[in-house]
1. Take A383, project a point 7 Å from its Cα along the Cβ direction, then tell me which residues of the stretch 433-447 have their backbone nitrogen under 19 Å from it.
2. What are the ³J(HN,Hα) values, in whole Hz, obtained from phi via the Karplus relation 6.51 cos²θ - 1.76 cosθ + 1.60 with θ = phi - 60°, for each residue of the stretch 244-250 in sequence order, with x given for Gly and Pro?
3. Can you grab the distance from the C-alpha centre of the stretch 248-287 to the C-alpha centre of the stretch 392-466, Å, no decimals?
4. What does the charge dipole of the chain about its Cα centre add up to, to the nearest 20 debye, if the Cβ of each Lys and Arg holds +1 and the Cβ of each Asp and Glu holds -1?
5. What distance in nm separates the two pseudo spin-label positions at D277 and A368, each 7 Å out from Cα along the beta-carbon direction?
6. Can you list the aspartates and glutamates whose alpha carbon is less than 16 Å from that of K406, not counting same-chain residues fewer than 8 positions off?
7. If amide H atoms are built 1.01 Å from N in the plane of the peptide, which residues on other chains or at least 5 residues away come under 5 Å of the amide H of N291?
8. Could you compute the net charge surrounding R34? Neighbours are other residues with a C-beta less than 10 Å from the C-beta of R34; K and R count +1, D and E count -1.
Amino acid sequence: MSEKKTSNQMWGGRFASGPDAVMEAINASIGFDRKLYAQDIKGSLAHSAMLAEKGIISAEDQSKIAHGLNTILGEIESGDFAFSARLEDIHMNIEARLAELIGPAAGRLHTARSRNDQVAVDFRLWVKEELTRTAEALKGLIAAFLARAEEHAATVMPGFTHLQTAQPVTFGHHCMAYVEMFGRDLSRVRDAIERLDESPLGAAALAGTGFAIDRQMTAAALGFREPTRNSIDSVSDRDFALEFLSLAAICGAHLSRLAEEIVIWSTPQFGFVRLSDAFSTGSSIMPQKKNPDAAELIRAKTGRVNGNLVALLTVMKGLPLAYSKDMQEDKEAVFDTAETLDLMLAAMTGMVSDMHIDKAALKKAAGAGYSTATDLADWLVRALGMPFREAHHVTGRAVALAEEKKCGLEKLALEDLRSIHPEITEDVYSVLSVTNSVKSRTSFGGTAPAEVRRQIRYWKKRLAKA
Ligand code: ARG
């Protein structure tokens with residue numbers, strides 16, 4: 001490795017030779033941080049405009065810089081820009097090209113700035129834009145669920161605990177459970193944007209700068225609420241990336257649970273839903289199959305999303321303040337999660353909107369497994385004044401009898417029920433049907449169709465403002 005390498009054009013002063021090839025390979029981030037080009041140029045435009053406004057650079061140099069940066073933006077967007085690993089990252093690739101285009105004026109752009117605040121501002125801008133996309137995607141998914149919930153506010157289905165039939169609920173109610181979950185995800189996105197909305201530009205390397213810069217001005221130009229308040233924290237903080245990865249992991253958990261339900265529901269054994277052709281696949285050998293691949297992949301991709309969160313938490317956990325090069329490893333996890341989450345949300349929205357709900361199968365399943373046993377116990381409490389614990393025992397005996405007779409609770413004859421408890425009357429049948437069972441659950445947030453419709457109205461209003 002004795003071959004003479006050209007020294008770096010950005011910090012060549014102290015360096016007699018350039019880096020070894022392996023050094024260049026481990027050091028370069030241009031392979032992935034080129035994604036930040038638009039944010040980098042935006043940040044540089046705001047910075048140079050402020051430098052000119054404050055008389056730190058001349059108006060003439062500023063106009064050359066702005067013109068050069070806009071030319072570079074065009075080159076990158078049309079695929080005409082030659083990225084170089086020798087120039088390490090997006091910041092130096094752009095600055096080097098600027099020097100080629102406009103000459104010495106390019107060297108003035110980096111006044112009162114460091115790559116440390118530069119990368120922090122670029123990455124914040126990128127994550128903020130991604131969070132805005134995530135919010136829109138979540139709103140789309142919530143809207144899809146609200147439409148299905150409205151259609152099926154009164155469609156009965158079995159509710160499960162331990163994946164064992166528990167009590168009848170409505171499909172609309174089940175949909176609204178997901179609306180609550182994705183609604184919380186959406187509010188986490190909004191919170192994350194709120195906390196991230198500060199501009200680190202002007203923190204420079206870590207200590208701020210002696211130049212008379214105006215950080216309020218650059219913060220406003222970049223659409224941030226205000227500048228960050230501590231220059232050390234400004235270049236050390238990656239909480240905003242961790243928050244994005246965390247909320248993505250939580251949202252991923254919700255998507256994965258739903259994906260799992262879709263996998264189960266779409267089996268011939270359950271037959272609750274049928275996926276559309278657009279959101280399922282066939283088998284190359286078994287002609288009868290319709291596979292829920294999108295749901296399975298959503299379930300699986302959650303693993304990557306979780307891994308990305310753990311990866312960045314691990315990168316950050318031992319770093320002394322302020323910047324360390326370790327932090328360059330913050331980007332791939334975030335880019336990967338963003339792309340993955342966007343795809344997961346889009347695929348889930350498509351599946352939910354398109355899937356056929358088999359009302360008859362849901363109704364049949366809703367009545368199986370003695371799902372109205374609790375209704376019987378409640379009736380005994382209300383009609384006969386029985387303590388609930390005793391009612392539980394009496395109902396247990398009724399279930400055992402129905403099991404013995406291989407019929408549903410509602411099919412037991414009155415004399416059979418009376419053999420268990422003599423005071424039971426004809427009126428008990430009014431609570432043993434699944435339809436009456438769900439209708440009776442009118443407590444706030446309960447499964448009664450009227451209550452489900454109330455929650456749908458609430459969410460429609462809330463979504464319009466979200
Ligand atoms: N490519 C670097 C990163 O992503 C930019 C910041 C470099 N700063 C430094 N002091 N070497 O973190």
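1. The answer is 433-442, whose backbone nitrogens lie closer than 19 Å to the label point.
2. With the stated coefficients, the stretch 244-250 comes to 4, 5, 5, 5, 5, 5, 5 Hz.
3. 29 Å
4. 840 debye
5. For D277 paired with A368, the spin-label model returns 2.9 nm.
6. Within the straight-line cut-off, K406 pairs with D416.
7. When sequence neighbours closer than 5 places are left aside, the close amide H contacts are T281, G282.
8. -2
Read-outs throughout are calculated quantities, based only on the coordinates presented, and are distinct from any laboratory measurement. What you see is a predicted model, and the numbers here were worked out from it, not measured in a lab. FYI the Cβ positions are ideal-geometry reconstructions off the backbone, even for glycines, and counts take in every protein chain you see.
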